1. Considering only segment 109-136, how many residues are free of Cβ contacts under 8 Å to residues at least 60 places away in the same chain, under 15 Å from Asn67 (Cβ atoms) and of a type in the set (A, V, I, L, M, F, W, C)?
2. Being modelled with pLDDT under 90 and open to solvent by less than 50 Å² (accessible area, probe 1.4 Å): is that true of Ala208 here?
3. Tally time: how many residues in segment 116-133 are open to solvent by 60 Å² or more (accessible area, probe 1.4 Å) and farther than 29 Å from Glu188 by Cα?
4. Failed condition for Cys273, given (1) over 21 Å from the mean Cα position of the chain (by Cα); (2) not in a loop (DSSP other than H, G, I, E, B), with all others met?
5. Working only within segment 140-157, note down all residues that are aliphatic (A, V, I, L, M), surrounded by fewer than 16 Cβ atoms within 10 Å (Cβ to Cβ) and under 29 Å from the mean Cα position of the chain (by Cα).
6. Taking segment 276-290, which residues are open to solvent by 10 Å² or more (accessible area, probe 1.4 Å) and within 18 Å of the chain's Cα centre (by Cα)?
7. Can you tell me which residue is least open to solvent (accessible area, probe 1.4 Å) among those in segment 31-51 that are more than 13 Å from Val96 (Cβ to Cβ) and touching a helix residue (DSSP H, G or I) at 6+ places or on another chain (Cβ under 8 Å)?
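The values are calculated or read from the model by the stated rules, or taken from the named source; none is laboratory data. Just so we're clear, the structure is a prediction, and the values are computed from it rather than from any experiment. Cβ: placed from backbone, ideal geometry, glycine included. Neighbour counts: every protein chain shown. Protein only, heavy atoms only, side chains kept; ligands, DNA and RNA dropped before computing areas. Shrake-Rupley method; radii C 1.70, N 1.55, O 1.52, S 1.80 Å.
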Amino acid sequence: MGLRPLILAPHSDPHACALVWAIEKQGVDPLWWPALPTTPGSHYSFHIDADVESLRSPADRIGAVWNRRLHEPTPHCAEADRNFAAWEWKMFQRSVFSIGSVFSHPLWVNPIEAARNAENKLVQLSVCRRLGIPFPETVVTTDAREVDALRARWGRIVFKSFLVHHWEERDNGRMHAVGVTLLDGDSELPAEAIAVCPGIYQRYIEKACDVRVTVIGDRMFSLALRKASSGGFVDWRIHAGNPELRAEGIDLPSSLEDRLRALMAELGIVFGCIDLVVDKDGGFHFLEVNQAGQFLFVEEMLPAWPILQAMTAMLVSGRTDYALDSIEPVSMKAFWRSDRFLRLRDNVSETPPERTLYTVE
């Protein structure tokens, strides 16, 4: 058997499920681990001296590692030893996966340490500033006076949390989420609430549209997203199933594309989903890059775009300069007709439409 991909994700992950199906269509048997296997008989040895470093593990001949949704290992041991063993497995996994040479220098999508750093929103903006990529003026603060000053300067601003948080009301079961909120002159800015924890506040840009750029190795797939009427949503991601949301492929200005490639290189990642907004004058503004973002919905919106084909080709070849025609054709449309997709759909507690299996991040 030749080189094969290793996918680090839970078996319930729809993106991992689609890629495993597509890779198997190439006659390749991928490894699919939520974490390092800890079952009896799964042994590991990491050896390092002045001349060499090597890992002996249940995996061999790995050409690419997709760090999709890595979990912590689950030790198999007596309950009294579980806390100690869990931490030792966690630190061992973190240590060996942080060394890019494990599994004989595979392509990492994305490297563990680079991925962790790339998820830092402030690091992203700092790199953009150095590279000359425009982005909205941003204040991260616990001080309501700073927020009010930003609002006074721009009229409307956007609040963002570092992570999307969900919670349920005990009395009625109603679900709530904190993610993106538009604030204007009528919005209250309670000092006590703002002081609870740092929040991200940005100038609101009157949108002509949003742009989602999916970077898969050397290729970029740019998707313009706008309302059917005009303009864009405050946060288009929560409107992924809205018929008002329209999508079309676009070409980015070459100078912007070059800067986005430089951003990816500076962050040390080869895959990422970049969110931009376009203002009424046609200017592009960077919002964020998600190094583990959702991407298969792009092919759902534009079936002619070979998103699944591209990711499969990169993982099978272990190269960022992959050729799309180097593998057998695969598509999301074919995946949705497959037995693997039907099993995935049947395993969710409430069978959703196809679209909702791929919540956009």
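1. Matching residues across segment 109-136 total 1.
2. Values: modelled with pLDDT under 90: no; open to solvent by less than 50 Å² (accessible area, probe 1.4 Å): yes.
So Ala208 does not fit the description; no.
3. Taking segment 116-133 first, the residues open to solvent by 60 Å² or more (accessible area, probe 1.4 Å) are 116-117, 119-120, 122, 129-130.
Among the residues that remain, those that are also farther than 29 Å from Glu188 by Cα are: 116-117, 119, 129-130.
Result for segment 116-133: 5.
4. It fails just one condition, (1).
5. Just the residues of segment 140-157 that are aliphatic (A, V, I, L, M), to begin with: 140, 144, 147, 149-150, 152, 157.
Cutting the leftovers down to surrounded by fewer than 16 Cβ atoms within 10 Å (Cβ to Cβ) gives us 140, 149, 152.
Of everything in segment 140-157, just one residue is aliphatic (A, V, I, L, M), surrounded by fewer than 16 Cβ atoms within 10 Å (Cβ to Cβ) and under 29 Å from the mean Cα position of the chain (by Cα), namely Val140.
6. In the first step, residues of segment 276-290 are kept if they are open to solvent by 10 Å² or more (accessible area, probe 1.4 Å); the result is 278-285, 287-288, 290.
Selection gives Leu287, Glu288, Asn290.
7. Selected residue: Thr38.
Okay, residues lined up against (1) in contact with a Leu (Cβ under 7 Å, 6 or more places away or on another chain); (2) at pLDDT below 90; (3) in a strand (DSSP E or B):
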| site | (1), (2), (3) |
| --- | --- |
| Met1 | no, yes, no |
| Ile7 | yes, no, yes |
| Ala35 | yes, no, no |
| His47 | no, yes, yes |
| Pro58 | no, yes, no |
